[in-house]
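Beneath this line is the structure, given in structure tokens, with notes to follow.
The values are calculated or read from the model by the stated rules, or taken from the named source; none is laboratory data. Just so it is clear, the structure is predicted and the values come from calculations on it, not from any experiment. Virtual Cβ from ideal backbone geometry, glycine too; neighbours counted across all protein chains shown.
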Amino acid sequence: MEYRVYELLHVLEFTSSRKRMSVIVRSPEKQLLLLCKGADSVMFERLSKEGRLFGAETRVHINRYAEAGLRTLVIAYRELEEHEYRRWEEEFSKAKNSVTADRDALVAAAADKIERNLILLGATAVEDKLQKGVPECIDKFSRAGIHIWVLTGDKMETAINIGYACSLLRQGMENIVITLDTPEIEALEKQVDKEAVAKASLESVQMQITEGRSRIPSDKNNPVKFGLVIDGKSLDCALGEKLSNMFLDLALNCSSVICCRSSPKQKALVTRLVKGTGKTTLAVGDGGNDVGMLQEADIGVGISGVEGMQAVMSSDFSIAQFRYLERLLLVHGHWCYRRIAMMICYFFYKNITFGFTLFWFESYASFSGQPAYNDWYMSCYNVFFTSLPAIALGVFDQDVSAKLCLKFQPYSFYAPLRPEVLTTSAWQYPLLYQEGVQNILFSWLRILGWMSNGILSSIIIFFFTTNSIFNQAFRTDGKVVDYEVFGVTMYTSVVWVVNCQMALSINYFTWIQHFFIWGSIALWYLFLVIYGSLPTTFSTTAYMVLVEACAPSLLYWLTTLLVVVSTLLPYFFYRAFQVRFRPMIHDIIQQEGLKDQDTETSELPARVEVKMHHLKANLMQRNT
């Protein structure tokens, strides 16, 4: 075997805008050669007339490769004259050594001058296998009501093939294809009339978008789903000011959207366009071409792997494989949304409960300025006695297990998203995720409900405490209750109520939750003993109030018990009624799924269908 050594002179690097890479080498015979490889969309337009000898056959081969799901590249070359190369090298060196802001543009322009009049050599195709679990993951996202758009640099045929392979496009789905690879546009491009090409392209894309919109029925319950496929050239026109709204309206009415041959800038612009609708956008990418998209989206998830670490360094989250996104969204995403929503509502509740007891006391005292609580009581309320249970809620709470987040969820009642499954009663895949999409757990109605519960709790605490201990012989010497004892009794009731309210709201108890909830209550008594044992100079109104006044009195303990039970009963009755007659999605899962997690169920129990009627009506009302 004979080895030939070529001298490498220059490397014209690949960029996402150039979509090609070239090298200039000198052969052992001192012949100068430019070897170029790149996407067919940019390579064929750089071929010379003599270099197109096998152009038609190569296009056929490329299309066949793309339909088989392979990634293709076109390879071409050109012989360079010595004087031509010297003149170009001087210009290229000046561009590379430039220190102006447009250095990259100068380098690209110099490279473009030499990469012309190429002779076609052929095409290559390599298999780009999907990672394990990608089709199943995308299928679950679709069932969960997540709209998925694919922005890729692949050819249209390759993108469509991958779309079917990963369950993004399905059998029975009607595809709307928008492309400018038509004979009319190609004929105009050969005339090198840029204005005519731009005008014709805009009109063609507008016509195709209008036709696509007319194909989609206005009835949202229509079982036929549509998939939109658009190429890079068409996307340039669609993202313009004239057509962006029309394109967005068409895309939002399609179940799946694939943008092929898209550049990094186009990916970022599409993401920005979707963000303008007010929807939360999440971008997933694994390469440097996805950096703009990841940074433009509300949440960026980078996949670390053979494509390098650029995407990971530019994202909010990093995962090793795409299938891990399933647990990130459907499990941890649901848990996180529920925890944060519950924690914020609880903060409203506990502070309103505490604050309004002060307000009722001031009104009772004719706004004289007499404090109901010791200063240190008020300072320690949010720091020591109520903060740790809320932190435990935000870290550990789970309404259902991870297994049930991914499976065994009743789907048939969710008409607005998937009307075609209304006739079935099968247990389908993730619907709990819709609690976040529909903002069920953090709506204004829910926030106002917790605030109202806080006001009601403060009323019960204050007036029950007042009527229970005032004018009573509290001490052994017959003296009635003073403001120090009254403040400690009411504050004790507040600490018990807000912590027990947390215990009623938690779905998943661990020893940490138990320790924080009951430990916070015990910490209050311990604080009162230690702080009350200090001299009156420091303890002021708290001096020995628990040891000498409250603890020996049965009335103090009975009042605390009465107030706590009476305050928690309204919420307890509300939750019992809601779970029994108007259950939320997670309530249904808790009742039915947790009974036997290991038993595969093929039919949804009829009694659960009855429970879901109210929920279905509410969800359909939100969509209308």
### Task
Could you give me the residue pairs with C-beta distances under 8 Å whose first residue belongs to the stretch 544-559 and is surrounded by fewer than 20 Cβ atoms within 10 Å (Cβ to Cβ), whose second residue is in a helix (DSSP H, G or I) and among the hydrophobic types (A, V, I, L, M, F, W, C) wherever it lies, and which are 6+ apart or on separate chains?
VAL547/VAL529; LEU555/ILE469
### Message
So for the stretch 497-520 (the condition being modelled with pLDDT of 90 or more, under 22 Å from PRO371 (Cβ atoms) and either within 49 Å of the chain's Cα centre (by Cα) or charged (D, E, K, R) (or both)), does at least one residue qualify?
### Response
yes
### Task
Could you tell me whether the stretch 45-55 includes any residue that is crowded, with 16+ Cβ neighbours inside 10 Å, outside the structural domain of ASP290 (by TED's automatic domain parsing), at pLDDT below 90 and in contact with an Asp or Glu (Cβ under 7 Å, 6 or more places away or on another chain)?
yes
### Query
So ALA105 fits all but one of (1) without any contact (Cβ under 8 Å) to a residue 24 or more places away in the chain; (2) under 30 Å from LEU53 (Cβ atoms); (3) of a type in the set (Gly, Ala, Ser); what number is the exception?
(2)
### Message
What pairs come out if I take residues in the stretch 436-461 that are within 22 Å of ARG339 (Cβ to Cβ) and pair them with residues that are exposed (fewer than 15 other Cβ atoms within 10 Å of the Cβ) whose C-beta lies under 6 Å away, six or more apart or interchain?
### Response
GLN438/ARG622
### Message
Can you list the helices (runs of 4 or more DSSP H) lying wholly within the stretch 240-323 that have 3 or more residues being closer than 25 Å to GLY227 by Cβ and at pLDDT 90 or above?
### Response
244-252, 264-275, 291-296
### Query
Would the stretch 512-529 turn up any residue that is over 27 Å from ASP397 (Cβ atoms) and not in a strand (DSSP E or B)?
yes
### Message
Which of the numbered conditions does ALA105 fail, given that it passes all the others? Conditions: (1) aliphatic (A, V, I, L, M); (2) part of a helix (DSSP H, G or I); (3) not assigned by TED's automatic domain parsing to the domain that holds ALA66.
### Response
(3)
### Query
Can you pull out the residues in the stretch 210-239 that are assigned to a helix (DSSP H, G or I) and either buried (at least 23 other Cβ atoms within 10 Å of the Cβ) or not basic (Lys, Arg) (or both)?
THR210, GLU211, GLY212, SER214, GLY232, SER234, LEU235, ASP236, CYS237, ALA238
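Every residue, every condition in (1) in contact with a helix residue (DSSP H, G or I) (Cβ under 8 Å, 6 or more places away or on another chain); (2) not assigned by TED's automatic domain parsing to the domain that holds ASP399, yes or no:
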| site | (1), (2) |
| --- | --- |
| THR280 | no, yes |
| GLY285 | yes, yes |
| LEU294 | yes, yes |
| GLY305 | no, yes |
| HIS334 | yes, no |
| TYR337 | yes, no |
| TYR346 | yes, no |
| THR353 | yes, no |
| PHE356 | yes, no |
### Query
Quick one: LEU330 ticks every box in (1) at pLDDT below 80; (2) in a helix (DSSP H, G or I) bar one, so which box is it?
(1)
### Task
Using the structure shown, decide if ALA415 is surrounded by fewer than 20 Cβ atoms within 10 Å (Cβ to Cβ), over 30 Å from LEU558 (Cα atoms) and either modelled with pLDDT under 70 or not assigned by TED's automatic domain parsing to the domain that holds VAL494 (or both).
yes
## Note on the structure
Among (1) touching a residue at least 60 places away in the same chain (Cβ under 8 Å); (2) in a strand (DSSP E or B), VAL25 falls short only on (1)
